[in-house]
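Some notes on the structure that comes next.
The values are calculated or read from the model by the stated rules, or taken from the named source; none is laboratory data. What you see is a predicted model, and the numbers here were worked out from it, not measured in a lab. Neighbour counts are summed over all protein chains in view; Cβ atoms, including those assigned to glycine, are modelled from backbone coordinates with ideal geometry. Ligands, DNA and RNA are excluded from the accessible area calculation, which covers all protein heavy atoms including side chains. Shrake-Rupley method; radii C 1.70, N 1.55, O 1.52, S 1.80 Å.
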Amino acid sequence: MEHHHEKLNLSVGNMRMLSTLQTPRSLSRLSLIPSNTFTSRASLTHQSPTTTTTPPQSQILSNRHSLLSRHVTAADLARSYLTRLRQSEPHLRSFLHLPDDDAVLAQAAHLDGKISAGDELGPLAGVFVAVKDNICTIDMPSTAGSRILEGYRPPFDATAVKRVKELGGIVVGKTNLDEFGMGSTTEGSAFQVTANPWDVSRVPGGSSGGSAAAVSARQCVVSLGSDTGGSVRQPASFCGVVGLKPTYGRVSRFGLMAYASSLDAIGCFGSSVADTGILLSAIAGHDRFDATSSKQDVPNFLSHFVSASSLESKPLKGLRVGLIRETIGDGVDAGVISAIRAAALHLEELGCSVNEVSLPSFSLGLPAYYVLAVSESSSNLSRYDGIRYGGQVYADELDSLYGGSRSKGFGSEVKMRILMGTYALSAGYYDAYYKRAQQVRTIIRNSFKEALNQNDILISPAAPSAAYKIGEKKNDPLAMYAGDIMTVNVNLAGLPALVLPCGFVEGGSAGLPVGLQMIGAAFDEGQLLRVGHIFEQTLENCRFVPPIVTDDIAD
């Protein structure tokens, strides 16, 4: 594991390079007040690279600076996060499990002891990390949002969680999700519905809605989610945070409860691109427990973050950006298209050449994805039978025990996907569905390859709309599935993608955030983080801090 410390070397040089990101700030909640300017779509279309509002800072680096300079103790820092978490949680319900405050404060006190003794600190020392509840944690329940795993405690940590802990991170709780990751709103959880911090009558997105809401409401610093067809990127867009789906194989899936093994990826959320990149650095790299994890070297992502004050006037000069034409047409809200076009204009002002590119196979991705994902889930979820895993319903016959345990334990969406997947894999239909979907997958992979030969990155919306009302699409699965159109192709092709907030549409008391998706070539997360960081640091008149945080201050 030593190589992780090398990758994440928060040396003096790195800290200095990021000095504008980690200027010591008051750690009171007042430091989270956004600027008073509400950003209309119109104001986003006239931007220059000179920043007038404070760009997002790296919470990880500013907190680290405050700890090392003894401005604040880890215990004080922990108490301030726990206070905010406890105040906002009844309104949001981001978490399925929270440890006792005492357990968290004991870890913080241990860290204070290390600081006093002058010991070396891991790069995530004292960082509050929330973990999606389909990622295994040895010391907390891991239910995947399903009744069938209610109360289940794994005997091990997922590799990503293990790495977070080894580098000093404090796991603050397990976040809510659509059952087994199957859904786009987090309404599919068997336990509770999570609300969007920008407007508690709206969904946070899904399936990693709890992880996105927790970062958005500043209940934690960063969080882990999983992304099978957009489950990190769409909630990042809905909640106004940064979400990163790494290249397939960049992060170990060991300890992630499998939904569709050829599509699943553990991803990262943060309130800034830098924090998201630091978390990726911590969890990336080969793992002998996951045969699909890549042996590709993990670069030092921190080297991609240049401080805003040292940017040239055209810091992205020469970068070729392709705006995917099929993602800004019919079926996409006008406000979302305006925000994405404004973001494209901003990229041009930073020196990029932006051209529309056509991916004719783009619309084929959605049906192919749903055939492949449900087929793999029907196989993966067969382990929850009341014998190997899951709650057991007593029966006289073994078949009845299987049937009873599964019918009682699974929710309706999971049952529907298992049935569809089993059907698609059945003898008479395999060629018509599963085989054809795999052929479409190859076409999509090739069309991305071609587009990324002509462009350095591709951009699109992360979702066709901003967050919608709780209950609005619950009884219309096809409408909900259609919302995944922007994201599923990236999973089919195994590529990395970064979503970061780029503007607002009308809705709620303070507007609703819109996310810009940037797609890169395989294992080119560094490029996405560099471009995303410069974009975020130069975006004017935008503070993506939800009302629940500012209302909390006003109380």
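Observations on the model:
- Pair residue 153, residue 482: separation of 7 Å Cα→Cβ label points (nm): 4.6 nm
- Close amide H contacts of residue 143 (hydrogens built in the peptide plane, cut-off under 5 Å, sequence separation of 5 or more or a different chain): none are found.
- Largest first, the extents of the alpha carbon coordinates of the stretch 475-549 on the three principal axes equal 40, 38, 18 Å.
- Label-zone membership for the stretch 209-238, site residue 379, 7 angstrom Cα→C-beta point, backbone N under 15 Å: none
- Under 5 Å from the amide H of residue 357 lie the amide H atoms of 323, 324, 325, each residue being 5 or more positions distant or on a separate chain, with H modelled from the backbone and absent for Pro and chain starts.
- When the pairs 245/415; 174/317; 295/408 are compared against a 32 Å limit on Cα-Cα distance, 174/317; 295/408 fall above it.
- Taking only protein heavy atoms and a 1.4 Å probe, the accessible area of the chain is 52% carbon and sulfur.
- In order along the stretch 84-99, the phi-based Karplus estimate (6.51 cos²θ - 1.76 cosθ + 1.60, θ = phi - 60°) of 3J(HN,Hα) comes to 5, 4, 5, 6, 8, 4, x, 7, 9, 6, 6, 10, 8, 8, 10, x Hz; Gly and Pro are listed as x.
- Length gained when the stretch residue 394-residue 69 is fully extended (0.36 nm per residue, less Cα-Cα span): 111.1 nm
- Based on protein heavy atoms only, the chain ends up with 36 Å² per residue of surface accessible to a 1.4 Å probe.
- Counting every alpha-carbon pair across the chain, the share separated by more than 35 Å comes to 30%.
- Residue 503 long-range amide H proximity, modeled H, under 5 Å: 514
- Order by protection proxy (mean Cβ within 10 Å, highest first), peptides 449-455, 436-442, 130-136, 539-545: 130-136, 539-545, 436-442, 449-455
- Sorting 489-502, 305-318, 374-387 by their mean Cβ neighbour count within 10 Å, with the most densely packed peptide first, gives 489-502, 374-387, 305-318.
- Check: the stretch 94-224 dipole with +1 on Lys, Arg Cβ and -1 on Asp, Glu Cβ, in debye: 240 debye
- Between the stretch 99-165 and the stretch 237-290, the alpha-carbon center distance in angstrom: 17 Å
- Couplings 3J(HN,Hα) for the stretch 62-78, derived from phi with the Karplus relation 6.51 cos²θ - 1.76 cosθ + 1.60 (θ = phi - 60°), are 5, 5, 4, 4, 5, 5, 5, 8, 6, 6, 8, 8, 4, 5, 4, 4, 4 Hz, where x marks Gly and Pro.
- Modelled label reach - residue 330, point 7 Å along Cα→Cβ, the stretch 341-367 residues with backbone N closer than 19 Å: 358-367
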